[in-house]
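Colleague: Below you will find the structure I want to go over with you.
The values are calculated or read from the model by the stated rules, or taken from the named source; none is laboratory data. Predicted model, so just to flag it, every value in this text is computed and none were measured. Cβ placement follows ideal geometry from the backbone for every residue including glycine, while neighbour counts extend to all protein chains displayed.
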Amino acid sequence: MSNNTLGLKLYGEKCSQLLKESEIRFAGIVDKDGQLIAGGFKEGLVPHEGDETRLQSFLEFVSKASIRKEYDESLGPINYLAARRDKAVLVSFPFPITQILLLISAEPSANIENLAKKVVEIFIDVN
């Protein structure tokens, strides 16, 4: 197996771990071109109407914001970006070295800080 294939398998396993959390609806790894390369919606979940379109729109916003580096020197790099909506919480975590993003959609009641801690616990060994 190539390093790339092993990496995708690892990312898929990490996304599956996240999807075990009750409030998480979607956990996926997206490449710099906006393509889902690992993960997806929770099995058996019926996405909200337009979920996939909203995730794509959020992804476009996040990818643009994540590549902006103008405040990195003074404030440090972006750890995550979050948006709380009426029907969902969307959180993205950039992996700058590999130029991919972890994108999470969760129930609107989700605590963003707790989600971030869970992601760090699960992805601690991934750069």
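Colleague: Scan region 21-39 and report the pairs whose first residue is within 18 Å of residue 57 (Cβ to Cβ) and free of Cβ contacts under 8 Å to residues at least 12 places away in the same chain and whose second residue is buried (at least 19 other Cβ atoms within 10 Å of the Cβ) and β-branched (Val, Ile, Thr), with Cβ atoms within less than 9 Å and a gap of 6+ or a chain change.
Modeller: Close Cβ pairs (under 9 Å, with a partner that is buried (at least 19 other Cβ atoms within 10 Å of the Cβ) and β-branched (Val, Ile, Thr)) amount to 36/29; 36/30.
Colleague: Please work out if residue 33 is part of a loop (DSSP other than H, G, I, E, B) and modelled with pLDDT of 85 or more. Walk me through how you get there before you give the answer.
Modeller: On the way: part of a loop (DSSP other than H, G, I, E, B): yes; modelled with pLDDT of 85 or more: no.
No: the conditions fail for residue 33.
Colleague: Kindly provide the set of residues from region 70-80 that are surrounded by fewer than 13 Cβ atoms within 10 Å (Cβ to Cβ) and hydrophobic (A, V, I, L, M, F, W, C), ordered by number.
Modeller: Step one: list which residues in region 70-80 are surrounded by fewer than 13 Cβ atoms within 10 Å (Cβ to Cβ), which gives 70-77, 79.
The one that is surrounded by fewer than 13 Cβ atoms within 10 Å (Cβ to Cβ) and hydrophobic (A, V, I, L, M, F, W, C): 75.
Colleague: Out of everything in region 94-127 that is of a type in the set (Asp, Glu) and within 18 Å of residue 14 (Cα to Cα), what residue ends up being surrounded by the most Cβ atoms within 10 Å (Cβ to Cβ)? Lay out the reasoning, then the answer.
Modeller: Restricting attention to region 94-127, the residues satisfying the condition of being of a type in the set (Asp, Glu) are 107, 113, 121, 125.
Filter once more, keeping what is within 18 Å of residue 14 (Cα to Cα): 121, 125.
Numbers: 121: 10, 125: 7.
Ranking the candidates gives 121 first.
Colleague: Next question, about the same structure. How many residues, within region 99-127, are acidic (Asp, Glu) and within 21 Å of residue 45 (Cα to Cα)?
Modeller: Filtering region 99-127 down to residues acidic (Asp, Glu) leaves 107, 113, 121, 125.
Subsequent filtering for residues that are within 21 Å of residue 45 (Cα to Cα) retains 107.
Within region 99-127, residues that are acidic (Asp, Glu) and within 21 Å of residue 45 (Cα to Cα) number 1.
Colleague: Can we say residue 16 is surrounded by 12 or more Cβ atoms within 10 Å (Cβ to Cβ), at pLDDT below 85 and of a type in the set (Gly, Ala, Ser)?
Modeller: Working: surrounded by 12 or more Cβ atoms within 10 Å (Cβ to Cβ): yes; at pLDDT below 85: no; of a type in the set (Gly, Ala, Ser): yes.
Answer is no for this residue.
Colleague: Please go through region 36-57 and give me each residue that is assigned to a loop (DSSP other than H, G, I, E, B) and either modelled with pLDDT of 75 or more or of a type in the set (A, V, I, L, M, F, W, C) (or both), ordered by number. Full working, then the answer.
Modeller: So in region 36-57, the residues assigned to a loop (DSSP other than H, G, I, E, B) come out as 42-50.
Scanning region 36-57 gives 42, 43, 44, 45, 46.
Colleague: Continuing with this model, one more query. If I go through region 81-93 residue by residue, how many of them are surrounded by fewer than 19 Cβ atoms within 10 Å (Cβ to Cβ) and either of a type in the set (D, E, K, R) or part of a loop (DSSP other than H, G, I, E, B) (or both)? Walk me through it before giving the result.
Modeller: Of region 81-93, the ones surrounded by fewer than 19 Cβ atoms within 10 Å (Cβ to Cβ) are 81-87.
Then keep just the ones that are either of a type in the set (D, E, K, R) or part of a loop (DSSP other than H, G, I, E, B) (or both); that gives 84-87.
Count: 4.
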